[in-house]
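The values are calculated or read from the model by the stated rules, or taken from the named source; none is laboratory data. Just so you know, these numbers come straight off a predicted model, no measurement behind them. Note: ideal-geometry Cβ built from the backbone for every residue, glycine included; neighbour counts use all protein chains shown. Remember, those area values only see protein heavy atoms, side chains included, never the ligands or the DNA or RNA. Shrake-Rupley method; radii C 1.70, N 1.55, O 1.52, S 1.80 Å.
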Amino acid sequence: MRTIGGVRRWVSDLLWFFYPELCPGCKKAAARAKACFCMRCESQLLPADMCFAPENEFTERLWGRIPLQSGAALYFFQRRSPLQRALHRLKYHRQAHIGLQLGRLLGAQLKRSPLFRSVEAIVPVPLHPDKEQLRGYNQSALIASGISDTMGIPALNSALERRRFSESQTRKRRMERFEDTEEVFALAQPEAVADKHILLVDDVLTTGATLEACGRALLSAPNVRLSMATVAIATTNKMR
Ligand SMILES: [Zn+2]
């Protein structure tokens, strides 16, 4: 796993040397080798500085809802920022490399922090298979792959599955006033995550409902310790 990651990193460094990628924020300036955004876009971003803080806005948002070892986001989400443009291009414009770039950036920060040193595997929040087919990829899996490259830790892309409730299950849940959701997360590979410190990864943390549901599924396997990381954290009342 590490060897494949190493070769992939070497190939991508070599490609970058000959064909530098454009900054995902403005698509004009060339992205800097290890920085993802150009200097101008980078200066407009709000770093969250959470990787070294055991308690921060990320962990507070999930507090009392799910037991978390550590949690961190890379940037605060702001509207009309280069980060929003990059995430939009990743999600809706088939620019898969942006997911890898952002993942490597996040991975580089996590790798330096003692809070994430014992992480043994990375699990992305899954998309429903229909949606993944439509989009061409799962953006969270690309971010997870970038983190995996940088940290030298395997990404388990099939550990979790997103399924739809049947119509009758959905009706029953609504009648019983459960959350108004028609999807559920299932742990497809409990043996792959058991006894491990797992890093659950998504693009943005908003209310935390999705990460919480995925986290619960992961914690259903024995002896799982859970941490979470996202590229961005959005404020829930007003998306800054
Ligand atoms: Zn830029």
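Take the conditions (1) surrounded by 17 or more Cβ atoms within 10 Å (Cβ to Cβ); (2) more than 23 Å from Cys214 (Cα to Cα); (3) touching a residue at least 24 places away in the same chain (Cβ under 8 Å); (4) within 16 Å of the ligand (Cβ to nearest atom); Lys34 misses just one of them, which is (1).
So that you can scan it fast, the table gives a plain yes or no per residue for (1) within 16 Å of the ligand (Cβ to nearest atom); (2) among the β-branched types (Val, Ile, Thr):
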residue: Ser43; (1), (2): yes, no
residue: Gln78; (1), (2): yes, no
residue: Arg85; (1), (2): yes, no
residue: Arg89; (1), (2): yes, no
residue: His93; (1), (2): yes, no
residue: Ile98; (1), (2): yes, yes
residue: Gly103; (1), (2): no, no
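Selection of helices (runs of 4 or more DSSP H) fully inside region 1-112 by the criterion of at least 2 residues being hydroxyl-bearing (Ser, Thr, Tyr) and at pLDDT 95 or above returns nothing. Counting only residues that are open to solvent by 10 Å² or more (accessible area, probe 1.4 Å) and more than 12 Å from Met228 (Cβ to Cβ), region 39-63 holds 17 of them. Residues that are farther than 21 Å from Ser118 by Cα and among the aliphatic types (A, V, I, L, M) within region 57-83 comprise just one, Leu83. Every listed requirement among (1) open to solvent by 70 Å² or more (accessible area, probe 1.4 Å); (2) touching a residue at least 12 places away in the same chain (Cβ under 8 Å); (3) of a type in the set (A, V, I, L, M, F, W, C); (4) out of contact with any Ser or Thr (no Cβ under 8 Å at 6 or more places or on another chain) is met by Ile66 save one, (1). Scanning region 129-161 for residues that are touching a helix residue (DSSP H, G or I) at 6+ places or on another chain (Cβ under 9 Å) and assigned to a loop (DSSP other than H, G, I, E, B) yields a total of 9.
Of everything in region 77-105 that is among the charged types (D, E, K, R) and over 9 Å from Pro24 (Cα atoms), the residue that is most open to solvent (accessible area, probe 1.4 Å) is Arg80.
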